[in-house]
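Here, each number is a calculation from the coordinates, and none is a lab measurement. Remember, it's a predicted structure, so these values are computed and weren't measured experimentally. Cβ atoms come from the backbone with ideal geometry, glycine included; neighbour counts cover every protein chain shown.
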Amino acid sequence: MLAPVGIIFVLTFFRLIYFQLDQGAEVEGRVLSRVMYETEIEAPRGKILDRHGAVLAEDRGVWALEMDEPAKLRRHLRPGMERELLKRELTLIAEAAGVPLAELAAVVLNPKKTYAVLADDLSSSEHRRLAAILRTMRGSGIKMRRHWRRVYPQGRALAHMVGLLVDHDGKREGVLGLEAMCQDDLHGQDGSKASLGVAGGRGINPALGFQAAQEAPAVETTLDSRIGAVLLEQLDAVQLEHNPDWVAGVVVDVRTGDLLAIGGLPDFNPNWPGENTTRDEEGHLLGLALPAFWPIEPGSTCKPFIVGRALQEGAIQETDTFSNRGGTWNIRKPPIRNASGVPDRPMTPREVLAYSSNIGAGQIGLKLGVDGVQRAFRDFAFWEPLGLSLREPFPGIEPAAKYWKGKQGTIWTVPSVSMGHQLQITPARLAYSFAALVNGGQYFKPRLFAGQPIAAPRKVLSESVSKFLCMAMTDVVEMPHRVWLPRSSGFRWGGKSGTTQKLHESNYTSLFAAFGPTENPEIVVVIVADNPKGKEHYGSKVAGVAAGNVLRRSVELMARAPRSVDLVPASTGVMFSNRKP
Amino acid sequence: MRFLKKTDWPIIPLALGIMWVGLTVQGSVSGGVRYPPSHVIRMVVAGLACVLCAAWGERRWRKSPWLVYGICLALLVLVLLTGRSTNNARRWIDLFGGFKLQPSETMKFAVILALAKWFGDHPKPRRMADLYRPALLVAVPAILVLLAPDLGTALTFVPMFLGVAWLAGTPWRVLRWVLILPVLLAPIALLFIQDYQQERVMSWWKQSELTLEEKADVGFHLWHSKMAVGSGGMHGFGWARGPENRLDRLPERHNDFVFPVIAEEHGFVGASLFLLLYAALGAAAIALAVKHRDPFTRLYLGGMGLHFLVHLILNVGVTLGVWPTTGLPLPMVSFGGSSMAMAGVMIGVGLALSASRGPVFTSRAWED
């Protein structure tokens with residue numbers, strides 16, 4: 001009797017030998033090829049921080065619910081299952097994931113579908129609940145996958161400068177702003193793991209190989225999220241009141257060249273790009289382009305550059321006077337005219353600026369001469385690119401060489417450019433050049449990254465001329481009739497408005513360049529509104545109020561110790577979650 | 001120590017070795033836990049049961065086979081009437097504190113005890129008719145177990161009956177018909193078993209030609225078991241590192257399919273050492289049995305050895321595709337508490353009986 005038992009035992013043993021020693025290598029290879037995955041672990045992108053360490057962009061881990069197994073190979077959620085049981089399983093998942101049962105069933109029970117994302121951005125409680133459910137349905141082909149979601153806690157504020165990501169073949173790439181500029185720096189070191197699948201949910205098997213992903217170091221910028229929020233708030237106000245085609249704003253620290261804030265409307269929310277945008281006829285998203293990099297005629301904001309330079313070169317004196325010629329200067333046809341409200345009397349350079357006299361500015365331009373004007377624009381870096389964005393199309397448009405020659409230059413070009421016509425620069429460029437007028441005459445190169453050294457400034461004006469311009473432009477704000485410009489006790493500020501009529505479209509570009517405090521300027525703000533369709537079109541009325549508000553609050557915020565929590569007013573639509581409310 | 005000197009102590013280290021293997025495998029199956037608490041509790045219960053049964057004394061055991069058999073038979077009836085239904089089978093009775101009892105496991109012990117008693121009292125059956133009554137002792141519980149339904153456990157009664165009858169001195173000319181009859185009746189029995197059991201037999205029959213759908217359905221257990229065993233190779237993946245185990249691809253790996261986990265993670269070296277260790281326990285029990293003069297002790301120990309050998313051959317055979325897939329635990333290694341406790345009881349009773357032995361047979365005396 002023991003013989004048959006022994007024989008069967010030996011046969012069983014031989015069967016084991018056959019499987020493990022004869023077929024072992026092949027079966028092992030087959031098992032491993034089916035279950036071992038060399039998976040790339042995507043590194044979280046580095047954070048983008050503002051000057052106080054507040055987060056402008058960061059990666060957060062979120063969970064997605066995925067189906068990744070053909071229906072016929074599943075043990076649960078299989079179309080052929082008992083109807084009641086199947087419905088119960090589907091209901092459990094649908095309720096936990098917050099997706100409609102019918103939609104879930106249509107995807108899961110479709111025999112042709114082998115892969116689908118059933119739900120994304122699951123909260124941690126949803127994830128926990130689903131994980132518990134899926135543990136009871138092993139072999140359902142449904143699993144949870146953790147991935148990175150880029151979150152922009154400041155929402156729309158500074159959105160153009162921070163940028164956004166798009167998915168290119170499963171890889172996230174920055175397409176705008178800092179996300180695009182720092183694509184390589186923000187991309188961390190991807191890791192990898194050789195794992196035995198994920199169905200078991202038991203994590204990593206170190207024996208198979210594991211390389212941890214490493215987040216890239218944070219990019220620390222000179223931007224200030226608090227000022228960005230204020231700027232956005234004021235741009236929204238301009239948009240609401242004057243309904244321009246677009247509006248842009250730039251805030252610069254005149255002492256260092258730090259870019260503090262930049263923005264424009266229409267804009268977008270990087271947490272869900274595609275919304276809050278309009279498209280042009282070719283389908284381009286208008287909201288993604290930053291109008292602060294679009295060239296405009298600076299209008300009367302150009303006058304301080306001419307006056308300052310003329311004083312600097314000794315072409316004029318502070319006490320010189322310039323006739324307003326009855327409000328019409330027939331130097332050419334059509335003549336140069338002053339705006340209504342400019343007194344018809346001889347004016348000093350300070351008054352020329354305060355009243356924004358076109359005729360006075362033209363005469364000062366002629367005193368400076370063709371070469372002097374050209375030199376002035378070059379020294380104030382009108383034609384230099386800022387280097388703040390990959391999408392800065394061009395720094396400005398200078399009149400062609402032929403327009404500077406002979407009578408063309410003296411009769412047309414010099415008087416025109418002296419009052420900001422016949423040339424174009426971007427609002428961002430205007431802000432940086434304007435800063436050199438009020439900070440003691442030093443031109444600082446734009447600075448966007450906190451670690452970037454502050455380059456030695458270029459001296460373009462003397463201290464005394466700069467002071468003179470500050471006082472003259474403070475007069476602009478403090479003139480009694482300009483009651484609409486915001487004033488507050490203990491804070492003096494100045495600025496220069498600009499209003500240009502576009503030749504072919506017969507509408508206006510309204511802008512205002514502001515600085516403050518007058519005694520020791522810290523901040524320059526430029527606000528530009530294109531084609532305002534409200535009652536007003538003058539720069540001081542359309543953009544001046546917003547510029548003044550942004551300026552005053554920026555100076556206050558810069559003086560205040562940074563806080564990490566309540567940096568952003570709720571009215572800017574700041575989100576701390578990327579789920580839609 | 002006196003007790004250990006008197007008893008067949010070689011069984012103890014072999015049993016402890018097997019239980020240690022069981023502990024490591026259950027730890028691996030539990031996701032890499034060194035000492036899975038539930039299995040440790042089951043081992044302690046089995047150890048206590050072993051000690052208590054050994055201390056109960058040979059005389060008491062000698063008097064109690066029919067009582068034990070009756071109680072276990074009653075439990076089998078009870079489980080069919082009131083037992084908890086799991087996976088369409090009524091196999092467990094709920095006890096206090098979350099514990100469950102599987103009467104079919106206790107019945108295995110009771111059958112061995114009853115057969116040892118019967119053949120001890122009626123030695124050397126010469127005719128077929130002499131086997132009818134002991135066959136009935138096996139057939140009644142086997143039918144009740146089949147009704148549970150638990151085909152695997154029911155099938156283990158047949159070789160145990162044959163083995164004990166052979167140890168009792170039944171001549172081969174009688175025994176061969178008992179051996180051949182089930183083989184001849186097997187194709188007919190196929191018609192009466194349930195659909196899922198038929199599908200399992202068919203998938204076993206054409207196991208090398210399974211389609212993708214069959215591998216995911218009726219052949220799922222066998223396919224993944226063979227993949228696990230085969231992938232182990234010579235040395236295996238290492239403890240708690242087997243892909244089929246860690247990825248939940250091997251079903252019932254804590255219970256009926258525990259051997260593929262050993263083979264996958266410890267390779268041919270570990271699997272063959274385990275088989276030899278387990279076979280050594282059965283063989284040692286039988287070898288010790290044949291030296292005993294007392295028929296009851298001899299037959300009980302022989303039956304116990306056969307019990308372990310039959311379970312080893314059937315359980316491991318199923319995982320290797322030698323037999324059709326059927327649920328049968330591997331005592332002392334599998335997850336089941338009843339199986340573990342009854343293994344402790346069986347060994348304890350074996351030790352109690354062997355401790356009281358008189359003069360032992362020499363091999364020559366046995367041949368006489």
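Each label was represented as a point 7 Å from its Cα along the Cα-to-Cβ direction; for B:W177 and A:S464 these points are 13.8 nm apart. At an R0 of 60 angstrom, the distance between the Cβ atoms of A:Q408 and B:M234 translates into a FRET efficiency of 0.05. The amide H of B:K100, built 1.01 Å from its N in the peptide plane, has B:L95 as neighbours under 5 Å, considering only residues 5 or more places off or on other chains. Near A:V219, the amide H atoms lying under 5 Å from its own belong to A:K47, A:I48, A:L49; only residues 5 or more places off or on other chains count, and H is placed 1.01 Å from N. For the pair B:V51 and B:L276, label points projected 7 Å from Cα toward Cβ lie 3.2 nm apart. Where only DSSP H runs of four or more residues are counted, chain A gives -9500 deg cm²/dmol as its mean residue ellipticity at 222 nm, each run worth -39500 (n - 2.57).
Think of chain A as a dipole: +1 on every Lys or Arg Cβ, -1 on every Asp or Glu Cβ, centred on the Cα centre; then among A:Q20, A:H187, A:P295, A:P295 lies furthest on the positive end.
The magnitude of the dipole of region B:2-366, with charges of +1 and -1 set on the Cβ of Lys/Arg and Asp/Glu and taken from the Cα centre, is near 1680 debye. For a modelled paramagnetic label at A:D169, 7 Å from Cα along Cα-to-Cβ, the residues of region A:177-192 in reach, with backbone nitrogen under 18 Å, are A:184, A:190. Legend: helices of chain B (whole DSSP H runs) are marked when their alpha-carbon atoms reach 20 angstrom or more along the helix axis and their mean Kyte-Doolittle hydropathy is at least 1.6; marked are B:11-29, B:65-82, B:132-147, B:151-167, B:172-192, B:258-289. So which residue, out of B:P123, B:P141, B:P182, gets the largest mean-square fluctuation from a GNM of chain B using Cα contacts under 10 Å as springs? Among B:P123, B:P141, B:P182, the largest GNM mean-square fluctuation belongs to B:P182.
Using the Cβ-Cβ distance between B:E209 and A:W272 with R0 = 56 Å, the FRET efficiency computed as 1/(1 + (r/R0)^6) comes to roughly 0.55. Among A:116-123, A:337-344, the peptide with the highest mean count of other Cβ atoms within 10 Å heads the list, and the full ranking is A:116-123, A:337-344. Summary of the geometry: region B:57-81 and region A:298-348, compared by the centres of their Cα atoms, lie 121 Å apart. Here the protein assembly as shown is treated with +1 on each Lys and Arg Cβ and -1 on each Asp and Glu Cβ, and its dipole about the Cα centre works out to around 2900 debye. Note that region B:238-249 has calculated 3J(HN,Hα) couplings of x, 4, 6, 10, x, x, 5, 5, 5, 9, 6, 7 Hz, one per residue in order, obtained from phi through the Karplus relation 6.51 cos²θ - 1.76 cosθ + 1.60 (θ = phi - 60°); glycine and proline are x. Amide H contacts of B:N255 (H built 1.01 Å from N, in plane; Pro and chain starts excluded): B:F335 sit under 5 Å, all sequence-distant by 5 or more or on other chains. By how many degrees, between 0 and 90 and to the nearest 10, does the Cα long axis of helix A:225-242 differ from the longest principal axis of chain A? Tilt of helix A:225-242: around 70 degrees. A Förster radius of 22 Å combined with the Cβ-Cβ distance from B:K6 to B:S64 puts the calculated FRET efficiency at roughly 0.60.
Subtracting the Cα-Cα distance of A:S33 and A:W383 from 0.36 nm times their residue separation leaves 119.9 nm of extension gain.
Note: relative contact order over region B:1-92, using C-alpha pairs below 8 Å and six or more positions apart, is 11 percent. Rounded to the nearest Hz, the phi-derived 3J(HN,Hα) couplings of region A:58-63 under the Karplus curve 6.51 cos²θ - 1.76 cosθ + 1.60 (θ = phi - 60°) are 7, 8, 10, x, 10, 10, where x marks glycine and proline.
Looking at chain B, how many pairs of lysines come closer than 23 Å at the Cα, when each pair is eight or more places apart or spans two chains? Qualifying lysine pairs in chain B: 16. Where in region A:224-261 does the label zone of A:N507 land, with the point 7 angstrom along Cα→C-beta and an amide N cut-off under 13 Å? Backbone N within reach: A:242-247. The helix-based estimate of mean residue ellipticity at 222 nm for chain B, built from -39,500 (n - 2.57) per DSSP H run of four or more residues and divided by its residue count, is -22500 deg cm²/dmol to the nearest 500. Along region A:355-366 the Karplus relation, 6.51 cos²θ - 1.76 cosθ + 1.60 evaluated at θ = phi - 60°, assigns HN-Hα couplings of 8, 6, 7, 5, 5, x, 5, x, 5, 5, x, 5 Hz to successive residues, with x for each Gly and Pro.
How far is helix A:463-478 tilted, in degrees, relative to the longest principal axis of the Cα atoms in chain A, given as a value from 0 to 90 rounded to the nearest 10? For A:463-478 against chain A, the angle is about 90 degrees. Its Cα gyration tensor gives region B:2-366 an equivalent ellipsoid, and the semi-axes of that ellipsoid, as √(5λ) in whole Å with the largest first, are 32, 25, 20.
In the protein assembly as shown, Rg over Rh equals 1.29, where Rg is the alpha-carbon radius of gyration and Rh the Kirkwood radius from pairwise Cα distances. For chain A, the longest principal axis of the C-alpha atoms and the axis of helix A:544-559 are separated by about 60°.
The distance separating the Cα centre of region B:139-185 from that of region A:493-529 comes to 104 Å.
Between A:V117 and A:A400, the modelled labels are 5.1 nm apart [label points 7 Å from Cα along Cα→Cβ].
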